[in-house]
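The values are calculated or read from the model by the stated rules, or taken from the named source; none is laboratory data. Model, not experiment: these values are computed from the prediction. Here the Cβ is made from the backbone with ideal geometry for all residues, glycine too, and neighbour counts use every protein chain on show. For accessibility, only protein heavy atoms count, side chains too; no ligands or nucleic acids. Shrake-Rupley method; radii C 1.70, N 1.55, O 1.52, S 1.80 Å.
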Amino acid sequence: MANIPLTPIIPDSERDIPGFSVCDIEATGWVNFLLIGLAYKKYDENDKCIGKHYEEFQDISEFCSACFEDDQPNNIFFAHFGGKYDFSFLINELFDDTEKYFIHGMIPRGSGLLCMSVSTFTREKETKDGDQVLTTTHDGHFLVAKRTISFKDSSAMLPFGLKSLTEDFNVEHKKLDIDHTEVTKVTPELSKYAEWDHWGLYEVLEHYFRWPIIRQAGAKYTMASQALQVLRTFIKHPIPSLSGDADSFIRQSYFGGRTEIFKPFYEQNSETSMLRSFDVNSLYPFVMRELEFPTRFRFETNQYMENRMGFYDVEVVVPDMYIPPLGLKYEGMQERLIFPTGKFRSVWSTLELNYAISIGCKITKVHRGMVFDSGGKIFEDYVNALYSIRQKAPKASVDNVLCKLLMNSCYGRFALNLEREKLVFDHGQAGIIPHWDIPSKKDDGRIIRLATEATSLDTSFANAAVAAWVTSGSRVHMHKLYNQAPKDLYYTDTDSMKSTHKYAKNDDDLGQLKLEYMTKRAVFLLPKTYLEDTNSPIFNMYDSKGRLRTDSKTAKKQVMKGFDRKTSDFTFEDFTIALEGDMKRLAATNPRKFATLRTAVSHGTFLKLLEESPRQIRSRYTKRRVFKGGSQVYDTEPLHIKNGDIVNLDKEVLKKWKKPAYQDMEHIAHQVVHGLGASMEE
């Protein structure tokens, strides 16, 4: 695994800017192709634009040919959210032309693709030095690349819709509006819409690559990698990688923010009483700026050393308290994070353990510990510089967008999972695991298999201790806020909370609270599933087709994870009845949608439209025990663990849960390495 340190680099404002082209597909009914465009600019040796090119194709094969023509100058193509849409069309076309194109370098990202490469090639009996050998055929020939084009998803750098990007970056070609439900064929209106999309994205990416901080550091193609590259221009000394057993051990303590319901129902009972929604101003950048960080692993121990930075596999006793401080990962149908009382075991940082001890928790046994040297405040200059720029920038500006992204994306890149998989086509090569059979769309009886191949990024930097320290520090910071008025807290989600307490607020400084709005009544059913009736109309409204209404706002805030906003407009009464136990009111139909690549290939195709599907909340909140207190007011208590079992939750619910297998540390390490643990990279 990783042995590559993160080394400082000198900022250079004369670094080359990558040449690139952009493409975008328009279709009707999501899967019926209409057109694809190709846009790029040409520059001379003095970086002066000497020509613009845009071309529209109503045949994907013609587009593919144009990509490899000599006068098309670039080998990098961007498509915005292409990994979830456009790339599926391209693979569908290229898949059947294996005598001309070779698809490789398919890196999964979620259920789509981060990037992929396409090469033209020659078939050779022998190879020469410098040849890029794509594969070896069954008859012993080599496929040698002639030209390779990399298709990249630009949303990995800028994870916002194109409309907001073109407005925030104030480019010439701002995204136009069109009613896609009315589009059935290529029209002049659609052609203009597509062309403006291409140039809008191109101009946004020009701003991105030419932005001084990014240009001085050098361009990368995900925001996490870009943030790490920019950090290198601020650090003074190399930061070592963490590998092997130490990496696996530390990752057990690496999990994200806290999302919990403490009181499921709120209703204003006086004119002065209000439920206040607070956000912490840049929680993770605040922690990054304030703390020193463990960087170099020193030694293992079986004694707890509270004055040294480290991570410990320990048994703890958490006494009765309304909001316990230590998180514990349980596995059921999906992993859940609970914060119980009682006696239990896991891996935490000394940052969290020392804080827990300070409020009454005890360590009863140390199973294993890893001690680190401090690398100092490695993020301090980085965060201060970016935040200073952001404070002076308008909200809708390149400076604000990029500074915010860079500040929030950097720490997660330290926990890059070096063991991963890539998608490949099965050519009979060793080391692959075929998963899906896809028949040729030419109806010639030919079947090609799509497979996964394990790969190791052993030349990349990673140090999970740094990332785990950031998330640990963030949870401690939030718990200190909770504990100012624990009984007044209703809900929390990573860096925000809803409380009746009148916290001091400060909108201008990192780590301080911002009062977002106030609420007259609210129902919290599940994490990220709630409805609020606020005291002013400040939230966006959408019409029946899901389009943003510009004529009015609403005082209702409805958050429903997994529900489509176009088909799930519920009332406060619906939520209240669901809280009482009747979940049938919260039923909706999710509309038809485009299947991402992984879903489509599981159905034996690359392009698939998923039909309408029913959606209903069926589960109850189980991260804490919900009960009715005096005057029938809802409240909760933390889950309690005794003799390894949760003793205050319904036994039928617990049947779906598994206890943490802490005695089987190799099993846990295997899960983490293979992506089942918390991963916050790209």
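Summary of values
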quantity: Under 13 Å from K236, Cα to Cα: aspartates and glutamates that are on another chain or at least 8 residues apart; calculated: E380, D381
quantity: Protein accessible area in the stretch 141-283, 1.4 Å probe - carbon and sulfur %; calculated: 50 percent
quantity: Dipole magnitude of the chain, debye to nearest 20 (Cβ charges: Lys/Arg +1, Asp/Glu -1, about Cα centre); calculated: 2620 debye
quantity: Solvent-accessible area, 1.4 Å probe, carbon plus sulfur percent, for the stretch 489-643; calculated: 45 percent
quantity: Subset of K48/K146; K125/K146; K84/K441; K329/K623; K146/K422; K566/K593 violating a 18 Å alpha-carbon distance limit; calculated: K48/K146; K84/K441; K146/K422
quantity: Residue among V626, G82, A219 farthest towards the positive dipole end of the chain, charges placed on Cβ; calculated: V626
quantity: Structure-derived P(r) over Cα pairs in 10 Å bins from 0, in percent: which label, when the choices are (i) 3, 13, 22, 26, 22, 11, 4, 0, 0; (ii) 3, 12, 16, 16, 16, 13, 9, 7, 5, 3, 1, 0; (iii) 2, 11, 17, 20, 20, 16, 10, 4, 0; calculated: (i)
quantity: Alpha-carbon Debye profile of the stretch 251-309, log10 I(q)/I(0) at 0.21, 0.25, 0.30 Å⁻¹; calculated: -1.11, -1.26, -1.35
quantity: Selection from I448, L406, G376, by position along the positive dipole direction of the stretch 362-453 (Cβ); calculated: G376
quantity: Span-rule helices in the chain, defined as complete DSSP H runs reaching 15 Å or more along the axis (Cα) with Kyte mean at least 1.6; calculated: none
quantity: Residue among I389, Y101, A468 farthest towards the positive dipole end of the chain, charges placed on Cβ; calculated: A468
quantity: FRET efficiency for L609 and S164, using Cβ-Cβ distance with R0 set to 30 Å, rounded to 0.05; calculated: 0.70
quantity: Å² of accessible area per residue within the chain, as computed with a 1.4 Å probe and no ligands counted; calculated: 46 Å²
quantity: By average C-beta atoms within 10 angstrom, highest first, the peptides 392-404, 129-141; calculated: 392-404, 129-141
quantity: Per-peptide average of other Cβ atoms within 10 Å, ordering 286-296, 378-388 highest first; calculated: 286-296, 378-388
quantity: Separation between Cα centres of the stretch 403-419 and the stretch 180-228, rounded to whole Å; calculated: 22 Å
quantity: Accessible surface of the stretch 390-463, 1.4 Å probe, proportion on carbon and sulfur as whole %; calculated: 48 percent
quantity: About the Cα centre, charge dipole magnitude for the stretch 224-324 (Lys/Arg +1, Asp/Glu -1 at Cβ), debye; calculated: 560 debye
quantity: At 1.567 mPa s and 4 °C, Stokes diffusion of the stretch 212-330 via Kirkwood alpha-carbon radius, µm² per second; calculated: 67 µm²/s
quantity: Gained length - N32 relative to Q132, 0.36 nm times residue gap less alpha-carbon distance; calculated: 32.5 nm
quantity: Per-peptide average of other Cβ atoms within 10 Å, ordering 243-254, 466-477, 517-528 highest first; calculated: 466-477, 243-254, 517-528
